[in-house]
Amino acid sequence: MKPALAWALRLIPAALIGQTLPFKFSGATQSVELFSKLGENALGNPGLEGALRFGTGVVEFIAVVLLLIPKHSLKGAILIVGTMAGALASHALFIGFAGHGFLPLLAAIALICSAIYLWNSKLELLKLLRRLK
């Protein structure tokens, strides 16, 4: 994979996810409403909003940092694929897409870029997975 493409496939999700982090960590109204709805509809407890919002923010922050470190970028891409797949599934199954602006689209773009990055790095990914055995 060309270095410029590899960087683009890492920087795009890092930027898209990174710009949502202040909203999760500050308790912005839209984030609180979204995670309250998730807690209520998926787990039957809207009181889990804070843990869901903050926990998601921590995982996404770690993923963004890992994406920006070339040696650890595969791990970051794996986290992005997992969290964005979870975000899209949560919207589809529990939250809905209406009223959330471009968030689902941004999640889809981040997921696609990270999936392409992983696919293009499949040999390194296989080596990483073998080390986990």
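The values are calculated or read from the model by the stated rules, or taken from the named source; none is laboratory data. Nothing here was measured: the structure is a model prediction, and the numbers come from that model. All Cβ positions, even for glycine, are placed from backbone atoms using ideal geometry, and neighbour counts span all protein chains on display.
The table below lists the values:
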read-out: Selected residue [modelled with pLDDT under 95, among the aliphatic types (A, V, I, L, M), under 20 Å from Pro22 (Cα atoms) and surrounded by 16 or more Cβ atoms within 10 Å (Cβ to Cβ)] from Leu67, Leu103, Leu79; value: Leu103
read-out: Those residues of the range 40-80 which are in contact (Cβ under 8 Å) with a residue 24 or more places away in the chain, over 12 Å from Ala14 (Cα atoms) and not aromatic (Phe, Trp, Tyr), in sequence order; value: Asn41, Ala42, Arg53, Thr56, Gly57, Val59, Leu74, Lys75, Ile78
read-out: Some residue of the range 90-109 being small (Gly, Ala, Ser), under 25 Å from Lys2 (Cβ atoms) and outside any helix (DSSP H, G or I); value: no
read-out: Residue pairs meeting the criteria (Cβ under 8 Å; at least 6 apart or on separate chains; first β-branched (Val, Ile, Thr), in the range 108-132; second in a helix (DSSP H, G or I)); value: Ile109/Ile12; Ile109/Pro13; Ile109/Leu16; Ile116/Leu9
read-out: Positions within the range 16-60 being outside any loop (DSSP other than H, G, I, E, B), exposed (fewer than 15 other Cβ atoms within 10 Å of the Cβ) and small (Gly, Ala, Ser), in sequence order; value: Ser26, Gly47, Gly50, Ala51, Gly55
read-out: Filtered residues of the range 1-39 (kept if of a type in the set (Val, Ile, Thr) and without any contact (Cβ under 8 Å) to a residue 24 or more places away in the chain); value: Thr29, Val32
read-out: The range 91-133, subset touching a helix residue (DSSP H, G or I) at 6+ places or on another chain (Cβ under 7 Å) and of a type in the set (Val, Ile, Thr), residue farthest from Asn41 (Cα to Cα); value: Ile116
read-out: Options Gly47, Gly86: the member that is within 16 Å of the chain's Cα centre (by Cα) and farther than 19 Å from Ala6 by Cα; value: Gly86
